[in-house]
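**Student:** Structure in structure tokens, see below.
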Amino acid sequence: MKKANTYAIIGGTSGMGFGLAQRLVERGDHVLVGGRSVTRLEQAAKQLGPAAVVRPVDMEDRASLAAFFDGFSDLAGLFTPGASYRTASFREADSETAESPFRGKFWAQYWAVHAALPHLAEDAAVLLMSGAASVRPIGNAAYAACNAAIEGLARALAVELRPIRVNCLSPGTIDSELWRNRPVSVREPVFEGWRSLALTGRVGSVDDAVSAALFLLDNGNMTGSTLYNDGGYSMR
Ligand SMILES: NC(=O)c1ccc[n+]([C@@H]2O[C@H](COP(=O)([O-])OP(=O)(O)OC[C@H]3O[C@@H](n4cnc5c(N)ncnc54)[C@H](OP(=O)(O)O)[C@@H]3O)[C@@H](O)[C@H]2O)c1
């Protein structure tokens with residue numbers, strides 16, 4: 001029987017992170033799941049069962065990241081979809097808003113990998129999260145640039161951290177809680193617009209993104225790559 005591996009997922013209480021945690025547990029692996037909300041952590045623990053350890057963590061707080069990994073060693077993988085940021089156009093964004101994607105998504109993942117490093121197995125796989133706005137922005141300049149920077153970070157870390165593999169998942173619009181928690185009046189026009197922009201004519205599912213994430217974590221010949229799980233959006 002295959003030995004159970006343990007994967008850390010920060011941002012694992014909802015959306016793509018939670019979807020991946022479910023898939024890993026289903027196949028017999030263990031997960032260390034982090035997020036900020038204790039209520040969401042408790043819900044995740046209940047749904048995932050005994051193969052999951054849940055811990056509060058804020059990716060923007062380095063002390064909290066260090067505490068998150070405490071006591072864990074030989075982790076087989078790390079996935080970091082946890083991010084909080086605001087978006088606005090270049091002309092309209094104040095400095096707080098403009099800088100929030102780099103703070104809440106780029107530096108958050110940079111320091112998460114840093115904190116995880118002593119706890120990762122030699123042949124571990126790290127998976128960063130960006131977004132297809134990196135290569136096809138529709139505005140929100142700082143957010144688009146932040147996603148491109150994360151994809152660059154994955155390439156550089158793949159070189160520096162080898163033999164640890166480092167890849168990046170770059171989804172298009174995915175029907176996760178990120179959108180479901182927003183009012184229909186906000187969500188539907190975005191989804192409608194997306195259907196006409198994506199070559200597939202549909203919004204991606206959490207399941208689509210989780211399969212792509214699992215491929216990047218599992219495939220020993222993948223490192224330094226960004227996988228666009230975006231229905232062909234970034235090609236047009
Ligand atoms: N869904 C899309 O359409 C889409 C498209 C492109 C890119 N993405 C990217 O994919 C990532 C996640 O998306 P999702 O749709 O899965 O989102 P989601 O359903 O909103 O899940 C986000 C998860 O991250 C956690 N989180 C947020 N900020 C955190 C922080 N500072 N520290 C630790 N955990 C934090 C949340 O829990 P707490 O709030 O309790 O901390 C939650 O578990 C984001 O980076 C997003 O930019 C999403």
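The values are calculated or read from the model by the stated rules, or taken from the named source; none is laboratory data. Not measured: the values here are computed from a predicted model. Cβ sites come from the backbone with ideal geometry, for glycine too, and all protein chains shown count toward neighbours.
**Student:** For residue 45, only one of the following conditions fails: (1) within 16 Å of the ligand (Cβ to nearest atom); (2) within 30 Å of residue 235 (Cα to Cα); (3) of a type outside the set (Lys, Arg); (4) surrounded by fewer than 17 Cβ atoms within 10 Å (Cβ to Cβ). What is its number?
**Tutor:** Of (1) within 16 Å of the ligand (Cβ to nearest atom); (2) within 30 Å of residue 235 (Cα to Cα); (3) of a type outside the set (Lys, Arg); (4) surrounded by fewer than 17 Cβ atoms within 10 Å (Cβ to Cβ), only one is false for residue 45: (2).
**Student:** Right, next: Is one or more of the residues making up segment 69-82 touching a Gly at 6+ places or on another chain (Cβ under 9 Å), more than 15 Å from the ligand (Cβ to nearest atom) and modelled with pLDDT of 95 or more?
**Tutor:** No: zero hits.
**Student:** Of all residues in segment 66-107, which are under 22 Å from residue 151 (Cα atoms) and either in contact with a His (Cβ under 8 Å, 6 or more places away or on another chain) or in a loop (DSSP other than H, G, I, E, B) (or both)? Can you show your working first?
**Tutor:** Step one: filter segment 66-107 for residues under 22 Å from residue 151 (Cα atoms), giving 76-90, 97-107.
Matches in segment 66-107: 80, 81, 82, 83, 84, 85, 86, 87, 88, 89, 90.
**Student:** I'd like the full set of residues that are in a loop (DSSP other than H, G, I, E, B) and surrounded by fewer than 17 Cβ atoms within 10 Å (Cβ to Cβ), limited to segment 137-156.
**Tutor:** 137, 138, 139
**Student:** Is it the case, given these coordinates, that residue 27 is closer than 24 Å to residue 105 by Cβ and surrounded by fewer than 22 Cβ atoms within 10 Å (Cβ to Cβ)?
**Tutor:** Working: closer than 24 Å to residue 105 by Cβ: no; surrounded by fewer than 22 Cβ atoms within 10 Å (Cβ to Cβ): yes.
The answer is no for residue 27.
**Student:** Might you let me know whether segment 157-171 holds any residue that is within 10 Å of the ligand (Cβ to nearest atom), polar (S, T, N, Q), within 14 Å of the chain's Cα centre (by Cα) and not in a helix (DSSP H, G or I)? Even if it seems obvious, please write down each step before you answer.
**Tutor:** The first filter runs over segment 157-171 and keeps only residues within 10 Å of the ligand (Cβ to nearest atom), leaving 169-171.
Next, only the ones that are polar (S, T, N, Q) stay: 170.
Within this subset, residues satisfying the condition of being within 14 Å of the chain's Cα centre (by Cα) are 170.
Still in the list and also not in a helix (DSSP H, G or I): 170.
Yes - at least one qualifying residue is present in segment 157-171.
**Student:** If residue 139 satisfies every condition in (1) farther than 19 Å from residue 221 by Cα; (2) at pLDDT 95 or above but one, which is the exception?
**Tutor:** Result: residue 139 passes all but (2).
**Student:** Criterion first (without any contact (Cβ under 8 Å) to a residue 60 or more places away in the chain and either among the aliphatic types (A, V, I, L, M) or under 25 Å from residue 80 (Cα atoms) (or both)) does residue 221 satisfy it?
**Tutor:** So residue 221 passes the test.
**Student:** Hey, does segment 177-185 have a residue that's basic (Lys, Arg) and not in a loop (DSSP other than H, G, I, E, B)?
**Tutor:** As a first pass, look at segment 177-185 and keep what is basic (Lys, Arg): 180, 182.
Now restrict to residues that are not in a loop (DSSP other than H, G, I, E, B): 180.
Yes, because at least one residue in segment 177-185 is basic (Lys, Arg) and not in a loop (DSSP other than H, G, I, E, B).
**Student:** Among the numbered conditions (1) near the ligand (Cβ under 10 Å from one of its atoms); (2) more than 17 Å from residue 211 (Cβ to Cβ); (3) part of a helix (DSSP H, G or I), tell me where residue 50 comes up short.
**Tutor:** Against the list (1) near the ligand (Cβ under 10 Å from one of its atoms); (2) more than 17 Å from residue 211 (Cβ to Cβ); (3) part of a helix (DSSP H, G or I), residue 50 comes up short only on (1).
**Student:** While we're looking at this one, here's another question. Just checking, how many residues over segment 3-20 are closer than 16 Å to residue 117 by Cα and within 6 Å of the ligand (Cβ to nearest atom)?
**Tutor:** Initially, segment 3-20 is screened for residues closer than 16 Å to residue 117 by Cα, giving 6-10.
Checking the rest, the ones that are also within 6 Å of the ligand (Cβ to nearest atom) come to 10.
Count: 1.
**Student:** Look at residue 4 and say whether it is modelled with pLDDT under 95 and either in a helix (DSSP H, G or I) or touching an Asp or Glu at 6+ places or on another chain (Cβ under 6 Å) (or both). Talk me through it step by step, then tell me what you get.
**Tutor:** Numbers: modelled with pLDDT under 95: yes; either in a helix (DSSP H, G or I) or touching an Asp or Glu at 6+ places or on another chain (Cβ under 6 Å) (or both): yes.
For residue 4, the condition - modelled with pLDDT under 95 and either in a helix (DSSP H, G or I) or touching an Asp or Glu at 6+ places or on another chain (Cβ under 6 Å) (or both) - is met.
**Student:** What is the residue count in segment 201-211 for residues that are buried (at least 19 other Cβ atoms within 10 Å of the Cβ) and outside any strand (DSSP E or B)?
**Tutor:** Residues in segment 201-211 being buried (at least 19 other Cβ atoms within 10 Å of the Cβ) and outside any strand (DSSP E or B): 5 in total.
**Student:** While we're on this one: Quick one: count up the residues across segment 121-134 that are of a type outside the set (Asp, Glu), more than 18 Å from residue 214 (Cβ to Cβ) and not in a helix (DSSP H, G or I). Walk me through how you get there before you give the answer.
**Tutor:** Step one: list which residues in segment 121-134 are of a type outside the set (Asp, Glu), which gives 121, 124-134.
Pick out the ones that are also more than 18 Å from residue 214 (Cβ to Cβ) and you get 131-134.
Right, trim to not in a helix (DSSP H, G or I) and you get 131.
Result for segment 121-134: 1.
**Student:** Have a look at 230, 175, 218 and point out the one that is within 12 Å of the ligand (Cβ to nearest atom), surrounded by fewer than 21 Cβ atoms within 10 Å (Cβ to Cβ), within 20 Å of the chain's Cα centre (by Cα) and of a type outside the set (Ser, Thr, Tyr). Talk me through it step by step, then tell me what you get.
**Tutor:** On the way: 230 fails: surrounded by fewer than 21 Cβ atoms within 10 Å (Cβ to Cβ); 218 fails: within 12 Å of the ligand (Cβ to nearest atom).
Every option except 175 fails the conditions.
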